[in-house]
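FYI, it's all coordinate maths here, none of it is from the lab. Bear in mind that the values here come from a model prediction, so they are computed numbers and not experimental data. Methodologically, a virtual Cβ is constructed for each residue, glycine included, from the backbone with ideal geometry; neighbour enumeration extends over all protein chains shown.
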Amino acid sequence: MELERYRRNLPEISPAQQDVLAEKHVLIVGCGGLGGYIIEALARAGAGHLRLMDGDTFKESDLNRQLLASSMNLGRPKTLAARQRVLAVNSLVEVEESPYFLSVENAAEALAGCHLAIDALDNVPSRLLLAEACAKAGLPMLHGAVGAWYGQAALLPPGSKLLERVYPAHCRGLESAEKMAMLAPVVMQVAALQASLALRFLLGDEQPADLLWHLDMERGSLEKISF
Amino acid sequence: MIIVNTQEHPWHEGMTVQVLLDEKGYIFRHIIVRVNDEYVAEEDWARRMIRDGDDVVVLHLTAGG
């Protein structure tokens, strides 16, 4: 373990736990708003192996909220910018780029060898696809979504039907990030919640299944809802 | 008294889902409502009565990332 690099993780993450974290493989699907901050947090904390998946490039409308969006990065692949950022802040992390959008064809390969898949996607159908792939692979999925002053996160055990309940059939055409306001501080909060849940899971913390964290910054509340 | 998103909320006669949403100030355009594990469609909010002791979940539905 690199003691000095991780000194301020102590005592919440012990040296032995730091070694455990260094062995973990995490797939992050989506390297935009949520994904950028999640990747930053996991890399700094010392998650050892990050697989970054996104087929998108940065555009000007990403600048209001996405950590990795900058004038220099406009037009560049999000996975490339994310990889460079990770290596700049923690060169001990092994980074694998997968510059593709999640699909039925590539989902199983994307999940191979991972301990956790993180949903930082921007639409419902892709989330349901990821959940289905995680069920087949027997992997947990860490869901997150954000819009306007609201957001949500949940750690889903393999085969969980939580997303089908949260997004009932008539809501699956819900407008994506393209149309709903996406505010930097709310994106940061949901990403921070996801990163915290991810770290606790990777370190072996038992967490209740199908518990939905519901953030409402219109009123300033964070609720844990059995759903 | 009813429960709304794990918090207690005073109940009164004539409380419909819409009345409750108005009292809570939930005006987001993408909301789903569940009363005692039963979804209530938006077109039914004005007539679906809330009973004393009901457990209500109101989610502000988001999909961005």
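Looking at the protein assembly as shown, what % of its DSSP beta bridges pair antiparallel, to the nearest 5?
60 percent
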(request) Grab the alpha carbons of the range A:108-227, take their convex hull, and tell me the volume per residue in Å³. (result) 106 Å³
(request) Give a quick list of GluC sites (Glu not before Pro) in the range A:60-130 that DSSP marks as loop, anything other than H, G, I, E or B, with at most 11 other Cβ atoms within 10 Å. (result) A:Glu105
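Dipole magnitude of the range A:66-155 about its Cα centre, charges +1 at Lys/Arg Cβ and -1 at Asp/Glu Cβ only, in debye to the nearest 20?
That gives the range A:66-155 a dipole magnitude of about 260 debye.
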(message) Given the C-alpha atoms of chain A, compute the convex hull and give its volume per residue in Å³.
(response) 120 Å³
(request) Return the inverse of the average 1/r over all pairs of distinct C-alpha atoms in chain B, which is the Kirkwood hydrodynamic radius, in Å to one decimal. (result) 12.0 Å
(message) For the range A:33-119, take the convex hull of the Cα atoms, compute a quarter of its surface area, and give me that in nm², please.
(response) 5.5 nm²
(request) Return, for the Cα atoms of the range A:2-58, the radius of gyration and Dmax in Å, separated by a comma. (result) 12.8, 39
(message) As an exercise, identify the trypsin sites (Lys or Arg not before Pro) in chain B lying in DSSP coil whose Cβ has no more than 15 other Cβ atoms within 10 Å.
(response) B:Arg29, B:Arg47, B:Arg51
(request) For every helix of n ≥ 4 consecutive DSSP H residues, a contribution of -39,500 (n - 2.57) applies; sum these over the protein assembly as shown, divide by its total residues, and give [θ] at 222 nm rounded to the nearest 500 deg cm²/dmol. (result) -8500 deg cm²/dmol
(message) Can you compute the label reach from A:Leu87? Point 7 Å from Cα along the Cβ direction, backbone N cut-off under 15 Å, restricted to the range A:49-71.
(response) A:50-52
(request) Determine, for the protein assembly as shown, the count of lysine pairs separated by eight or more sequence positions (or lying on different chains) whose alpha-carbon distance falls under 25 Å. (result) 8
(message) Let's see if you can work this out: charge +1 on each Lys and Arg Cβ, -1 on each Asp and Glu Cβ, no other charges. What is the dipole magnitude of the protein assembly as shown about its Cα centre, in debye to the nearest 20?
(response) 640 debye
(request) May I ask you to compute the full-extension gain from A:Lys136 to A:Ala169, defined as 0.36 nm times their residue separation minus their alpha-carbon distance, rounded to one decimal in nm? (result) 9.7 nm
(message) Between B:Asp55 and A:Glu109, what is the label-point separation in nm under the 7 Å Cα-to-beta-carbon projection?
(response) 4.5 nm
(message) Could you sort the peptides A:160-167, A:179-186 by per-residue average Cβ neighbour count (10 Å cutoff), highest mean leading?
(response) A:160-167, A:179-186
